[in-house]
2 protein chains.
Amino acid sequence: MVENNDKHLDATFSALSDPTRRAILSRLALTDLTVTEIAEPYEMSLAAVSKHIGVLARAKLVSQHKEGRIRRCKFEPAALNAVADWIEYYQRFWQENLQSLENYVEKLKD
Amino acid sequence: MVENNDKHLDATFSALSDPTRRAILSRLALTDLTVTEIAEPYEMSLAAVSKHIGVLARAKLVSQHKEGRIRRCKFEPAALNAVADWIEYYQRFWQENLQSLENYVEKLKD
DNA sequence: AAAATATTCAACCAACTAGTTGACAATTGT
DNA sequence: ACAATTGTCAACTAGTTGGTTGAATATTTT
């Protein structure tokens, strides 16, 4: 079952509000990576990156699979559904505004 | 011009990560409201609500129009576009996963 | 068995956040 | 002119966040 309450939405939006975490996701979208691999391009400590991954994991945006001493991290796009649904609902107002504008322009022609 | 850099995305995701702010947006989506009207249902002080509105305004999710001593607040759905685009890009991986699953199920039939 | 590797944990710090209260500025009503 | 209303600002507090370092744990390699 997909958790879909406010708390989860909070956690997901919050996880995505950090550029480091979005960058991590963008790389994980291409291929699964270990914690060390994820950390490699960053100046910050491994522990810091591990924490970022923890935040993403708590939001279910990544899952971790233990393989011996390494932990392979996997992007979980399903976690974006709740956010996408939220956004989509409110974007409807954008569409409606465009429609209103269109109607207005149309009316000007007469 | 629509600002579309990482900082703006940070601010938007961050603004949306708070349930009070999402609730404010959901009411503003229905109709424009003054600061006092927005604050009315909440236990918290007017100043606190004013700060929340400030966060939403900095993320361009709401605009404020001064009318005498009141400030009317308006939902600006256009600010969601950057977020929607970001999400949409990554949701593609969700679709691809579904597609892969479909292909797999299809193959099982043979 | 000992050393190296991969990762997390715990304690700490600085910066930020969400809330408070009280004072202030601008506008409107009496 | 005075009082009431609307909203923000400034200063403060408690809790959270993003980073650090050093120690601890689990696993693999030698």
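The values are calculated or read from the model by the stated rules, or taken from the named source; none is laboratory data. Bear in mind that the values here come from a model prediction, so they are computed numbers and not experimental data. Glycine gets a Cβ as well: all are built from the backbone with ideal geometry, and neighbour counts include every protein chain shown. When the accessible area is computed, the model is the full protein with side chains, heavy atoms only, and any ligands, DNA or RNA have been set aside. Shrake-Rupley method; radii C 1.70, N 1.55, O 1.52, S 1.80 Å.
Worth a mention:
- Partner chain coverage, peptide B:82-91 - average Cβ within 10 angstrom: 6
- Taking every protein chain into account, the 1.4 Å probe leaves A:His65 with about 80 Å² of accessible area, to the nearest ten.
- Student exercise, the stretch A:7-76 dipole from Lys, Arg, Asp, Glu Cβ charges, in Debye to nearest 20: 260
- Solvent exposure of A:Thr31, expressed as accessible area, is near 70 Å², computed with a probe of 1.4 Å over the protein chains only.
- Full extension of the chain segment joining A:Asn81 with A:Ala47 gains 9.3 nm, where the gain is 0.36 nm per residue of separation less the Cα-Cα distance.
- Taking every protein chain into account, the 1.4 Å probe leaves B:Glu37 with about 80 Å² of accessible area, to the nearest ten.
- For the peptides B:53-59, B:66-72, the ranking by mean Cβ contacts within 10 Å, running from highest to lowest, is B:53-59, B:66-72.
- Taking 7 Å steps out from each Cα toward its Cβ at B:Arg72 and A:Ser26 produces label points 4.0 nm apart.
- Across peptide B:16-25, the mean count of Cβ atoms from other chains lying within 10 Å of each residue's own Cβ comes to 4.
- Cα centroid separation, the stretch B:16-48 to the stretch B:62-76: 13 Å.
- Cβ neighbours within 10 Å from other chains - mean over B:71-81: 3
- Ascending distances from the B:Ser50 label point to its copies in the other chains, with the point 7 Å along the Cα-to-beta-carbon line: 4.5 nm.
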